[in-house]
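A.B. asks: Structure below; questions to follow.
Every read-out reported here was derived from the displayed coordinates using simple, explicitly stated rules and does not represent laboratory data. Note that the structure is a prediction, hence the values are computed from the model and not measured. Heads up, the Cβs are rebuilt from the backbone with ideal geometry, glycines too, and the neighbour counts pull from every protein chain shown.
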Amino acid sequence: MASAIYNLFRKSDPEFAAFLHHQGWSESSKRFKFYTFSRLKGVEKDAVNRQVIIRKPVWFRFHTPRHEVMDHFLAGLFHGRKLALNGFGDLKVGLVESEPSPQYTDEEAVPCYTRSPITVHRKNPDGSKWNIRPNDPDWEQAVTSNLLEKYTLFYGTPPPEGAGPLRVTVDHAYWAPKNYGFIRTGLGPERLTVFGYQCAVTLHGPAALKQFAVECGLGESTAMGFGCLEPGNPVQSIETNV
């Protein structure tokens, strides 16, 4: 999906696509692209027969707080009205729906569940990285710090004061170690596997930060297909993405 999204940007404006791919918006050594997307719904993997089953309609969510990112995404989507997926062929675009940006109050607790797994990591003393699970005591702080960094870079100012700190709490009834997803990046010896976890969370604190979390995604590597949230309570256990 990440390469399919990038190809949409390239169809709209090759220079903008190259900017996102190679640079993005940066703060010191970190780069952010300020968008996220869900996994494809309507697509199932048959591991036994090594097949992919497509059950129409196929759909996904795309979130961003940046108007130019959304403009180029839509322009690419309507260019030929198809989404080219490696290994799946071309999917015809039948319908595009736009939803208004969420509006919250500072006092409101906002329940959400993941449409794509959340990934954050910690650095080990030897410099290696370790993906953190939602039951790790460092997980909430890692997710919160990442969102604050993105918010400050996006708006050029720290989050508003007076509404208390942002908190992201996990509903452990909808999380289990098996509820994980992964994306492999790179080739050969540089090939990496990034793990993220499906879960339900509740956002507390400033309304602007809660809205930004939904629009931008939670955690790291959102432009690779991690951290997409949908507001609301899950009606059943979070789907397993293995």
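A.B. asks: Can you flag which of Lys129/Lys150; Lys33/Lys123; Lys11/Lys123; Lys56/Lys150; Lys33/Lys129 are past 31 Å Cα-Cα? Intermediate values should be presented prior to the final figure.
C.D. replies: On the way: Lys129/Lys150 20 Å; Lys33/Lys123 22 Å; Lys11/Lys123 37 Å; Lys56/Lys150 36 Å; Lys33/Lys129 21 Å.
Over 31 Å apart, Cα to Cα: Lys11/Lys123; Lys56/Lys150.
A.B. asks: I need the semi-axes of the equivalent ellipsoid of the stretch 56-146: take the C-alpha gyration tensor, multiply each eigenvalue by 5, square-root it, list largest first in whole angstrom.
C.D. replies: Equivalent ellipsoid of the stretch 56-146: 33, 21, 13 Å, largest first.
A.B. asks: Moving on to the next point. Taking amide hydrogens as modeled 1.01 Å from N in the peptide plane, which residues meet the under 5 Å criterion relative to Arg61, leaving out close sequence neighbours?
C.D. replies: Ser38
A.B. asks: Kindly put Phe37, Phe32 in sequence by how many other C-beta atoms sit within 10 Å of each C-beta, fewest to most.
C.D. replies: Numbers: Phe37 25, Phe32 18.
Taking fewest neighbouring Cβ atoms as first place, the list is Phe32, Phe37.
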